[in-house]
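Quick notes on the structure that follows.
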Amino acid sequence: MGGVKRSAFAAKQVQLRRPTMQASDGMPLLAPNARQIAEPSSARPLLIVAVDTEAEFDWDGPFLRTLTNVRNLRHQAKAQEIFDRFGVRPVYLVDYAVATQAEGYLPLKEIIQSQRCEIGAHLHPWITPPFVEQLSDRTSFSQNLPASVQKEKLSRLTEAIVSNLGVQPVSYRAGRYGVGEEIAEILNSLDYSIDMSVQPGIDMRYRNGPDFRKAVDKPYWFGGRGALLEIPATCGFVGLIAHPAFPKSLSVQVYKQIARPRLNQMRSLGMFARLCLLERIPLTPEGVTSSELRRVTSMLLSHGQRVFVLSYHSSSLQPGNTEYVKSAAELSQFLARIESYLEFFMGELGGMSMTPAELRATLLPRESGVAGPS
Ligand SMILES: [Zn+2]
């Protein structure tokens, strides 16, 4: 009996290391090529605001099934009021805790009913049934789970969103950005058409995460029929090493080295930033100043980038949940950063805002050979 149990357990561990569903035979997600890039025709820069709308949990703590408090959702109106003034419709990428508890989904329902936002899905595997995996840092990245488990978890999350929020989500962002090639099949089968998980230039393999070094920072098509749109997160490398005279791969390689956990304990990231050698700035009001947001946007714009994604976590709007907003004063500063960025983007840059679904609808007619969802 004991021997049978052990071998069954061993088989399960092997399965966890090797996703069962094969990568799509179409355009890859993690290593796109020029043919996949989807350029919007608008000369105006486009802004998408994406909110990871999720339970409050300790980002440094262990992954527990019980971390499902969603009190932060009642605070979303503070940022939504700013978006409303600028005509920005954010996408709230909702996790299972938010989609299944009234305290989570009711505040969003009001915003949906007045058509002031779009709803997407955000999968945190450790709080999303079925609960079949052993909890660990590794299994908190859903691409490390068997594809059948990834699919079942996303299916349960989708059902909860449809039944409690009354909308079919089309955009997806993996929790902790944990995506692999098999996500194309899964998204197609559950009627999603957009992924927003890719973090260009980042290699997260040292912590069991995905390797995004080959991903590009522009939207691109992927998947079997090439009908899925990737809208990668926006981030930019700035500094001497990121000078246009050098290949971008140099920034990625150097950043990978200086961001290694051991080296970074010696503050290599801070040192490279202070010396103006290299700094990676993600487009977020979390831990990034207004002037940095402007600087990275202007730099990317001058390099021809047209689509920008401003991201943050819903839990940052309730002081004390994230390291970025620990007090009421920091929350005011956080909201002021959002407002000043929108003023800059819509005013100074003459930009406009779209939801992910609107961007995809804009891009589709221009692309030949893209079937689009049936
Ligand atoms: Zn998340």
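The values are calculated or read from the model by the stated rules, or taken from the named source; none is laboratory data. No experiment lies behind these values; they were computed from the predicted model shown. Virtual Cβ from ideal backbone geometry, glycine too; neighbours counted across all protein chains shown.
Some values worked out for this structure:
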{"quantity": "Number of the exception - Ser163 against (1) among the small types (Gly, Ala, Ser); (2) within 14 Å of the ligand (Cβ to nearest atom); (3) without any contact (Cβ under 8 Å) to a residue 24 or more places away in the chain", "calculated": "(2)"}
{"quantity": "Residues satisfying the stated conditions in segment 199-210, i.e. out of contact with any Leu (no Cβ under 7 Å at 6 or more places or on another chain) and of a type outside the set (Ser, Thr, Tyr)", "calculated": "Gln199, Pro200, Gly201, Ile202, Asp203, Met204, Arg205, Arg207, Asn208, Gly209"}
{"quantity": "In segment 188-199, residue farthest from the ligand (Cβ to nearest atom) [restricted to those that are under 14 Å from the mean Cα position of the chain (by Cα) and outside any loop (DSSP other than H, G, I, E, B)]", "calculated": "Ile194"}
{"quantity": "Matching residues, segment 23-71, being of a type in the set (A, V, I, L, M), within 16 Å of the ligand (Cβ to nearest atom) and part of a loop (DSSP other than H, G, I, E, B)", "calculated": "Ala55, Leu64, Leu67, Val70"}
{"quantity": "Considering residues of segment 216-232 that are crowded, with 24+ Cβ neighbours inside 10 Å and of a type in the set (A, V, I, L, M) only, the residue nearest to the chain's Cα centre (by Cα)", "calculated": "Ile231"}
{"quantity": "Near pairs, Cβ below 8 angstrom, 6+ apart or cross-chain, from segment 94-115 (farther than 18 Å from Pro129 by Cβ) to any residue that is among the small types (Gly, Ala, Ser) and part of a loop (DSSP other than H, G, I, E, B)", "calculated": "Lys109/Gly166; Ile112/Gly166"}
{"quantity": "Filter result for Asp84 (within 16 Å of the ligand (Cβ to nearest atom) and not β-branched (Val, Ile, Thr))", "calculated": "no"}
{"quantity": "Residue match in segment 214-232 (condition: in contact (Cβ under 8 Å) with a residue 12 or more places away in the chain, in the same structural domain as Val51 (by TED's automatic domain parsing) and within 16 Å of the ligand (Cβ to nearest atom))", "calculated": "no"}
{"quantity": "Residue list for segment 178-201, restricted to those being without any contact (Cβ under 8 Å) to a residue 40 or more places away in the chain and hydrophobic (A, V, I, L, M, F, W, C)", "calculated": "Leu190"}
{"quantity": "Of the criteria (1) part of a loop (DSSP other than H, G, I, E, B); (2) at pLDDT 90 or above, which one Lys214 fails", "calculated": "(2)"}
{"quantity": "Count of segment 171-186 residues which are small (Gly, Ala, Ser) and within 16 Å of the ligand (Cβ to nearest atom)", "calculated": "4"}
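Listed here are the residues, each with its yes/no results for (1) within 16 Å of the ligand (Cβ to nearest atom); (2) outside the structural domain of Leu73 (by TED's automatic domain parsing); (3) part of a helix (DSSP H, G or I).
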residue	(1), (2), (3)
Ala99	yes, no, yes
Leu106	no, no, yes
Lys109	no, no, yes
Arg116	no, no, no
Val132	no, no, no
Gln143	yes, no, yes
Lys151	no, no, yes
Thr158	no, no, yes
Pro169	yes, no, no
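Rundown of residues vs (1) under 19 Å from Ser142 (Cα atoms); (2) assigned to a helix (DSSP H, G or I); (3) modelled with pLDDT of 90 or more, yes/no style:
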site	(1), (2), (3)
Ser155	yes, yes, yes
Arg173	yes, no, yes
Ile186	yes, yes, yes
Gly201	no, no, no
Tyr206	yes, yes, no
Gly226	no, no, no
Phe237	no, no, no
Lys256	no, yes, no
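So that you can scan it fast, the table gives a plain yes or no per residue for (1) over 20 Å from the mean Cα position of the chain (by Cα); (2) away from the ligand (no atom under 16 Å from the Cβ); (3) crowded, with 20+ Cβ neighbours inside 10 Å:
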site	(1), (2), (3)
Leu301	yes, yes, no
Val309	no, no, yes
Leu317	no, no, yes
Glu323	no, no, no
Phe334	no, yes, yes
Glu343	yes, yes, no
Leu349	yes, yes, no
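Each row is one residue, and each column tells you yes or no for (1) modelled with pLDDT of 95 or more; (2) aliphatic (A, V, I, L, M).
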{"position": "Ile37", "(1), (2)": "no, yes"}
{"position": "Ile48", "(1), (2)": "yes, yes"}
{"position": "Pro62", "(1), (2)": "no, no"}
{"position": "Arg71", "(1), (2)": "yes, no"}
{"position": "Gln76", "(1), (2)": "yes, no"}
